[in-house]
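Below: the structure, in structure tokens.
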Amino acid sequence: MVKGVLSDTGGKPCRGGDGREMVRAELMGSHTHVTLCGVQVHVWKRCGKFIARGRYLGQPFGETLGGDVPAATARLRQLLTEIEAGSYVRPSEARSRTVSNGRVPRLTFRQLVSEFLAEKRKQRGRQTASDYLARLRPVLEFAERPENRRRWPPASDIDREFVLALRVNLFQYETTRNGRPGGKLKTLSTRQVINILECLRTSLAWARKADKPRLPAGWTSPLTQELIGEPPSKDPLREDKLPPELRVRVVGIMDLWQLCQLSLSMILPLRPDEAAGLLVTDVNFEKGWLEIGAGPAPDNFTKTRQSFKLPFPEELKPILRACIGRRAAGPLLRSRRAFAGKDAASGAVGDLKSLYDARLLRERCDNVQNEHDRKLVFRRLLRDLGGVSEDVLNKEFKKLLTAVGADNGATLYTLRSSVTTGMHRADLPHLEMRYLTGHSLNDILNQYTSLDPVGAMQKYFDTIRPQLTVLAAQARALRICASIT
């Protein structure tokens, strides 16, 4: 019996002992095991757990093998092999290394997905983790069928046959719009099937990372491009769902609130997310442009994290002034109630940055784990101050399309595509097009060429002059100019 060794329970007494006793034990029929290189490994037992002890490279080592005999025996065999191969690492040293040297766990597919989503939640935010879960849910349902669990028990057994069977199942999978129960069932589109398979490939590639692998080193992903397939490409000659003449009809039936909240998206290539995140301070009347992604809150970034200036025509100035009113800060676009002055929170706003910092301090720590979560907090603050959401803008736009008899499935995002098409037909230069639509300028020509977004947008405004004329006439009819004087 050996005295004076701390127990695996952190010094707490074990049942039947004082927690500091270690007794001789045997595994594979022996207490002492001698390797080919002369290292002696002794087996002990403490608090119901087997422990291997000895001296390796002139220094003592000790490692807990496990509580049950089969697991402890398997680890002892592995430990002896590592010592003979010269690759053994003491547990105290292994914890400080970047790359894990431990055993790869045999995870089920659900366990693997759970760990994958937990990391993505911390890294990319709640919304991205939710999107990944929605795409992996059909794969989970397929993998957990009894016949499939018998054939592919752990995730490491996933092979080409699994992917082929999954692919067939996905093309037969039935779901409802946004997963709502009681909705009309329909099969997945080809584009969504490819999204699911690509998400599965991403999760399996993550599981093979060397720092903490969840799949064996020799495992090869069966998700080749051949099995995933190529996404259907858009027809370059496709018809514009929202041509200028249709947009003119839509503007002609707008009420005061709709004109103020949707006019920017009718004329400028804004993403719905960018429109809902516009601030009063983003409007620069002197320069005649919107300063998108450059507001007081650094977490109000765009999809591509690009800040850019988006010029607007003279016809939009009265509408923008009506949107701002007498406010010095706050959201530019507001809900109907706030725009009508019925919401007390939508009045004068002080320092928006101070309000945002105070809101962050009140949030629970697990709710704000990255910059994407901070953006959600900032957008909730804007809505609390009377701001309008993307969903509300999209619903109002669809109501207008229905009213003019053009219910063709177009959305507010489709409007961005139509506006960009109009900019292309106005022969705007390529670099200006990328800049004005909020895309990154990674073209080498950007290193040698300065841009002229104001001149480029003026060319586009000249081509949509009839639409701007109707917009100005509708503003006068709704007495916007009179309401802001």
message: Angle check, please: helix 190-207 long axis (alpha carbons) against the longest principal axis of the chain (alpha carbons), in degrees 0 to 90, nearest 10.
response: 40
field: Peptide ranges 21-28, 369-376 listed from the most packed, as the mean C-beta count within 10 angstrom indicates
entry: 369-376, 21-28
query: Leaving out ligands, DNA and RNA, what percent of the accessible area of the chain is carbon and sulfur, probe 1.4 Å?
result: 50
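Over the chain, what relative contact order in percent results from Cα pairs under 8 Å that are six or more residues apart?
On the way: 604 pairs, mean separation 58.4, N = 485.
Relative contact order for the chain comes out at 12 percent.
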- request: Match the structure shown to one of the listed values (1) 3, 14, 19, 19, 16, 11, 8, 7, 3, 0; (2) 4, 18, 28, 26, 15, 5, 2, 1, 0, 0; (3) 4, 21, 32, 27, 13, 3, 0 of P(r) over Cα pairs in 10 Å bins from 0, in percent, computed from it, and give that label.
  value: (1)
- request: Take each of the peptides 351-357, 109-115, average the number of other beta-carbon atoms within 10 Å over its residues, and list them starting from the highest.
  value: 109-115, 351-357
statement: Reported to the nearest 10 Å², Met457 has, with a 1.4 Å probe, an accessible area equal to 0
message: Per 0.36 nm of contour for each residue apart, how much would the distance between Arg191 and Gln123 grow if the chain were fully extended, relative to their Cα-Cα spacing?
response: 21.9 nm
query: Quick one: helix 465-477 against the long Cα principal axis of the chain, what's the angle to the nearest 10°, folded into 0 to 90?
result: 80
query: Using the beta-carbon distance between Gln172 and Thr202 and R0 = 25 Å, what value does 1/(1 + (r/R0)^6) give for FRET efficiency, to the nearest 0.05?
result: 0.60
- prompt: Sorting Cys323, Cys37 by accessible area (1.4 Å probe), largest first, what list results?
  reply: Cys37, Cys323
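Could you order peptides 289-295, 183-189 by the average number of other Cβ atoms within 10 Å of their residues, highest first?
Numbers: 289-295: 20.1, 183-189: 11.1.
So the peptides 289-295, 183-189, ranked by packing, come out 289-295, 183-189.
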- prompt: If ligands, DNA and RNA are left out, what is the accessible area of Arg77 with a 1.4 Å probe, given in Å² to the nearest 10?
  reply: 130
task: Would you check the accessible area of Ile253, probe 1.4 Å, heavy atoms only, in square angstrom rounded to 10?
output: 80
- prompt: Got a sec? What order do Phe116, Phe301 fall in by accessible area at 1.4 Å, biggest, i.e. largest, first?
  reply: Phe301, Phe116
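Using the Cα centre of the chain as the reference point, and only Cβ charges (+1 on K/R, -1 on D/E), how large is the resulting charge dipole? Debye, rounded to the nearest 20.
On the way: 78 positive and 53 negative charges, 289 e Å.
That gives a dipole near 1380 debye.
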message: Using only the heavy atoms of the protein chains and a 1.4 Å probe, how would Ser450, Ser335 rank by accessible area, largest first?
response: Ser450, Ser335
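Mean residue ellipticity at 222 nm from the helices of the chain, using -39,500 (n - 2.57) per DSSP H segment of n ≥ 4 over the full residue count, to the nearest 500 deg cm²/dmol?
Values: 21 runs with 222 residues, N = 485.
Helix-only estimate at 222 nm: -13500 deg cm²/dmol.
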field: Extent along principal axes [Cα atoms of the range 213-277; Å; largest to smallest]
entry: 64, 32, 15
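The values are calculated or read from the model by the stated rules, or taken from the named source; none is laboratory data. This structure is a prediction, so every number in the text was calculated from the model and none was measured. With ideal geometry, Cβ positions are generated from the backbone for all residues, glycine too; neighbour counts draw on all protein chains shown. To get the accessible areas, we keep the full protein, side chains included, count just its heavy atoms, and leave off ligands, DNA and RNA. Shrake-Rupley method; radii C 1.70, N 1.55, O 1.52, S 1.80 Å.
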